[in-house]
1. Pairs under 7 Å by beta carbon, first residue surrounded by 14 or more Cβ atoms within 10 Å (Cβ to Cβ) in the range 105-118, partner part of a helix (DSSP H, G or I) and polar (S, T, N, Q), six or more apart or different chains?
2. Being in a strand (DSSP E or B) and either at pLDDT 90 or above or among the polar types (S, T, N, Q) (or both) is the filter here; which residues of the range 100-147 pass it?
3. Out of the residues in the range 46-72 meeting the condition of being at pLDDT below 95 and β-branched (Val, Ile, Thr), tell me which one is nearest to Ala113 (Cα to Cα).
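The values are calculated or read from the model by the stated rules, or taken from the named source; none is laboratory data. The shown structure was predicted, so the numbers you read here are calculated from the model rather than taken from an experiment. Note: ideal-geometry Cβ built from the backbone for every residue, glycine included; neighbour counts use all protein chains shown.
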Amino acid sequence: MHILLVDDDTELTSLLGEFLRREGFTVETEHEGNRGLAHACEPGIDLVVLDVMLPGLDGFEILKRLRAKSKVPVMMLTARGEDVDRIVGLELGADDYLPKPFNPRELVARIRAVLRRYEPRTSPLSARVEVSGITLDPGTREVIAGGKPVDLTTFEFDILELLMRNAGRVLSRDSLMENFYNRKATPFDRSIDMHISHLRKKLENGDSLIKTIRGVGYQFSRGPEDAGAE
C-alpha cells in the first residue's frame with residue numbers, strides 16, 4: 001500500500017516514513033500544502049496522512065479540495081486537546097484522526113483499519129438491501145433515496161450497509177467502533193457520530209431513519225414499529 005505523508009515536520013516524517021516502510025508500506029512525503037494536495041490527487045495513493053498545520057494550504061483546505069476530486073482515505077493529525085480540529089476534519093470527510101504526539105504503532109494500526117474498509121469485497125454478501133425507502137446495492141456501491149442517487153464516501157456507504165442489514169436492531173457505539181476502527185469508543189471520540197451525522201444529512205428523512213438510542217448507539221428504522229429513540 002502506498003502512503004503519502006503531508007507534514008511540515010521533516011524529522012517526524014523521516015522517522016514515520018522509516019517506520020512505515022519497515023511495516024511494508026511504500027511511503028512518500030510532502031512538506032507544503034499545495035504540493036501535498038497535488039500529490040494526493042495523483043493516482044496510486046492508497047491513503048494520505050495529513051497534518052492540520054501546514055505552510056501554503058492548511059490541512060483543512062487540502063481535505064476540502066481533495067474531497068471534491070477524490071475519495072482517497074485520509075488520516076488527519078491534530079494537536080492533542082484540539083477537539084474542534086478533529087470535529088472539523090471529520091466534517092470535511094476525514095476517515096479518522098490521531099492527536100499528536102502519538103505512538104507510531106497506533107498510527108499503523110489505524111491506517112490498516114481504514115485500509116481494510118477500502119479493500120474490494122471478495123464474498124458476495126451482496127444482495128441489494130431495501131429498507132424504509134432506501135435501496136443499497138453492494139455490487140455497484142450505489143444508494144438510492146427518494147428515487148435519487150446519494151453520493152456517499154466509502155466509509156459512509158459501509159456504515160449505512162451495516163445499519164441497514166441490521167435494521168430494527170440497536171448497534172452500540174462500541175460495536176461500530178470495533179467493526180470499523182478496531183478499537184472501543186471513548187467518551188470524546190466523535191468519529192462514528194460525525195459519519196452518521198453526514199449520512200443523516202445526505203439521506204432523505206435521514207434524521208428519522210437513523211435513530212440515536214440514548215446511551216447505547218444507533219438503529220436504522222424499519223418503520224413506525226421501531227421506537228425508543230431520542
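1. Correct list of pairs: Arg117/Thr154; Tyr118/Thr154.
2. From the range 100-147, those in a strand (DSSP E or B) are 100, 129-131, 134-137, 142-145; that's our starting set.
Matches in the range 100-147: Val129, Glu130, Val131, Ile134, Thr135, Leu136, Asp137, Glu142, Val143, Ile144, Ala145.
3. Val72
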